[in-house]
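Enquirer: Submitted below is the structure of interest, expressed as C-alpha cells.
The values are calculated or read from the model by the stated rules, or taken from the named source; none is laboratory data. Owing to the predicted nature of the structure, the values given are computational and were not obtained by experimental measurement. Backbone-built Cβ (ideal geometry, glycine too); neighbour counts: all protein chains shown. These accessible areas exclude ligands, DNA and RNA; they are computed on the full protein's heavy atoms, side chains included. Shrake-Rupley method; radii C 1.70, N 1.55, O 1.52, S 1.80 Å.
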Amino acid sequence: MGMAAESQFHVLAVDDSLCDRKLIERLLQKSSCQVTTVESGSKALEFLGLRQGLQSNDPNELSTSPHIHQEVEVNLIITDYCMPGMTGYDLLKKVKESSAFKNIPVVIMSSENVPARISRCLEEGAEEFFLKPVRLADLNKLKPHMMKTKLKNQKLEEIEEASKDETALVEPEIKDSTKIEILPLQQDLQLVQQEEQTLCTNNKRKSMEEGISTDRALTRFDGITTTV
Amino acid sequence: MEKRQFRDYTISLYHQGFLDDQFTELKKLQDECSPDFVAEVVSLFFEDCEKLISNMARALDQTGNVDYKLVGSSVHQLKGSSSSVGAKRVKGLCVTLKECCDSQNYEGCVRCLQQVDIEYKSLKGKLQDLFNLEQQIVQAGGRIPQVDI
C-alpha cells in the first residue's frame, strides 16, 4: 500500500507438521503479518539468536535506519505444543527465561484440549492458547499486539521528525489504553514491550493479577532525555 | 453446466462426510495472492498420508515386535493434518486407529490402517475431480461459484 516506512508485525511460527506450517503461514499472511516458519523449537531459538545478533547497538542507527532494525525483530512467537525433541512448552520456557527474548509474546497451539496443559502454558507466560485447527477468527485475538507495534512504529517516526526539527519532547497524538506517554529510545524498547504486555490483560485467560501499576510508565517518562 | 456440477459435487462431499467446515476455512484463505492454496495444502496432506501410513504399515509388519509408540505418534500426526484440512472421514478413522493402537489391538490396527489407506485415496480422487471441475469453469472464462453448505 506504499507505506514503506511502516514495518509489519513479524511472527515466528513453529510446527513440525509441514501441512500445518503451510496453514499457519497463510493464516498469518491473511492477517497482514510477516511470517517466518520453522520446524522445531531449536530452529526457532537459532532464528531468534541469529536475528538478535544482527541488531545494532549503535544509537545513531535509530535516526538513519530504524526500520531495517525493526524488520529483523520478532513480534510474536506462535508454536505447536506437541513436537518431537523440544515441545512448545519447552520453547515457551526457554523464551521466558531468556533476558533477550522474554518480552516476546508466545502463543501455544494444540490439537488436544487438555485443561491442565492449557493452565500450565498460561502460567508459564503464554499469551494465548489456541486449539487446532487455528482459524482466522482466532488470529483476531492477536490484533491488540499488532496494533501496539503499529503505534510504536508511528511514534518512532514522530520522534524522527521531532529530532529533525530539534523540538523538545514529542507529545504523542494517540492515547490508548496502554498509556504510553512517549516512545523511548531504542534501548528502552524492551522495557516498553514488557509494560505493554502486562497492561493488556484482555486476552489472557488466566486469572492471575499482574500487579504492575501504570505509574511506572510516568516514572519512566520523566527519566527520558530529549536528545535522540 | 459445469458450475452446477461443481456446486452439487461440493455439497455432496460435505453431506457424505468426506469434508467438514475446516475445508471451508481453507477456501477462505485462497485469494489472488495465493490462488492455489487449497490444492497445495491438500497435496501436502496426501503426502503426509502416504508417508505416515507407510511408516505404520512397516511397524505393524514386525509381527511380535510391533513398535506401538511409533504407530501412536504417526497416527497422532495424521489425525492432526487431516483435522487441519477438513478431511473428516480420514480423521475419524485415525481416532479409531489410535484407540486400537492404545489397546495394542493388532488385528484392529491392521484393519483400521487399511481403511485409512483406502479412505485417503478415495478423498484424493474426489478432490482431484473437484479441482478439475474448477479448472473447466476457469478455462471457460467463468468464476468459481461460492458454495454455501
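Enquirer: Scan segment B:14-34 for residues that are under 12 Å from the mean Cα position of the chain (by Cα) and either surrounded by fewer than 21 Cβ atoms within 10 Å (Cβ to Cβ) or not in a helix (DSSP H, G or I) (or both) and jot them down.
Expert: Filtering segment B:14-34 down to residues under 12 Å from the mean Cα position of the chain (by Cα) leaves B:17-20, B:22-23.
Answer for segment B:14-34, where residues must be under 12 Å from the mean Cα position of the chain (by Cα) and either surrounded by fewer than 21 Cβ atoms within 10 Å (Cβ to Cβ) or not in a helix (DSSP H, G or I) (or both): B:17, B:18, B:19, B:20, B:22.
Enquirer: Those residues that are outside any strand (DSSP E or B), of a type in the set (Val, Ile, Thr) and more than 14 Å from chain B (Cβ to nearest Cβ), I need them from segment A:106-135; list them, please. Steps first, please.
Expert: Restricting attention to segment A:106-135, the residues satisfying the condition of being outside any strand (DSSP E or B) are A:111-127, A:132-135.
Right, trim to of a type in the set (Val, Ile, Thr) and you get A:114, A:118, A:134.
Once the filter is applied, which keeps residues that are outside any strand (DSSP E or B), of a type in the set (Val, Ile, Thr) and more than 14 Å from chain B (Cβ to nearest Cβ), segment A:106-135 yields only A:118.
Enquirer: Can you report the number of residues in segment B:83-111 which are among the hydroxyl-bearing types (Ser, Thr, Tyr) and closer than 21 Å to residue A:131 by Cβ?
Expert: The total comes to 2.
Enquirer: Consider residue B:98 carefully, then state whether it is closer than 30 Å to residue B:148 by Cα, open to solvent by 40 Å² or more (accessible area, probe 1.4 Å) and in contact with a helix residue (DSSP H, G or I) (Cβ under 8 Å, 6 or more places away or on another chain).
Expert: Answer is no for this residue.
Enquirer: Now for a separate question. Could you count how many residues in segment B:25-34 are at the interface with chain A (Cβ under 10 Å from one of its Cβ atoms) and either among the polar types (S, T, N, Q) or without any contact (Cβ under 8 Å) to a residue 40 or more places away in the chain (or both)?
Expert: 6
Here is a yes/no grid of residues against (1) more than 12 Å from chain A (Cβ to nearest Cβ); (2) open to solvent by 80 Å² or more (accessible area, probe 1.4 Å); (3) assigned to a loop (DSSP other than H, G, I, E, B):
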| position | (1), (2), (3) |
| --- | --- |
| B:41 | no, no, no |
| B:66 | yes, no, yes |
| B:70 | no, no, no |
| B:107 | yes, yes, no |
| B:122 | yes, no, no |
| B:130 | yes, no, no |
| B:134 | yes, no, no |
| B:149 | yes, yes, yes |
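Enquirer: Applying the selection to segment A:6-47, what residues are open to solvent by less than 10 Å² (accessible area, probe 1.4 Å), away from chain B (no Cβ under 14 Å) and not hydrophobic (A, V, I, L, M, F, W, C)?
Expert: A:10, A:41
Enquirer: On the given criteria, is residue B:37 closer than 30 Å to residue A:28 by Cβ, aromatic (Phe, Trp, Tyr), open to solvent by less than 60 Å² (accessible area, probe 1.4 Å) and in contact (Cβ under 8 Å) with a residue 12 or more places away in the chain?
Expert: no
Enquirer: Collect the residues in segment B:45-58 that are open to solvent by less than 30 Å² (accessible area, probe 1.4 Å) and within 12 Å of chain A (Cβ to nearest Cβ), keeping them in residue-number order.
Expert: Across segment B:45-58, the qualifying residues are B:45, B:46, B:48, B:49, B:52.
Here's the yes/no breakdown for (1) in contact with a strand residue (DSSP E or B) (Cβ under 8 Å, 6 or more places away or on another chain); (2) open to solvent by less than 10 Å² (accessible area, probe 1.4 Å); (3) assigned to a helix (DSSP H, G or I):
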{"residue": "A:86", "(1), (2), (3)": "no, no, no"}
{"residue": "A:91", "(1), (2), (3)": "yes, yes, yes"}
{"residue": "A:99", "(1), (2), (3)": "no, no, no"}
{"residue": "A:140", "(1), (2), (3)": "no, no, yes"}
{"residue": "A:148", "(1), (2), (3)": "no, no, yes"}
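Enquirer: Suppose the filter is within 14 Å of another protein chain (Cβ to nearest Cβ), open to solvent by 40 Å² or more (accessible area, probe 1.4 Å) and of a type in the set (S, T, N, Q); does residue B:83 pass it?
Expert: When the stated conditions are applied, residue B:83 does not pass them.
Enquirer: For the list (1) part of a helix (DSSP H, G or I); (2) without any contact (Cβ under 8 Å) to a residue 12 or more places away in the chain; (3) farther than 22 Å from residue B:44 by Cβ, I need the number of the one condition that residue B:100 fails.
Expert: (2)
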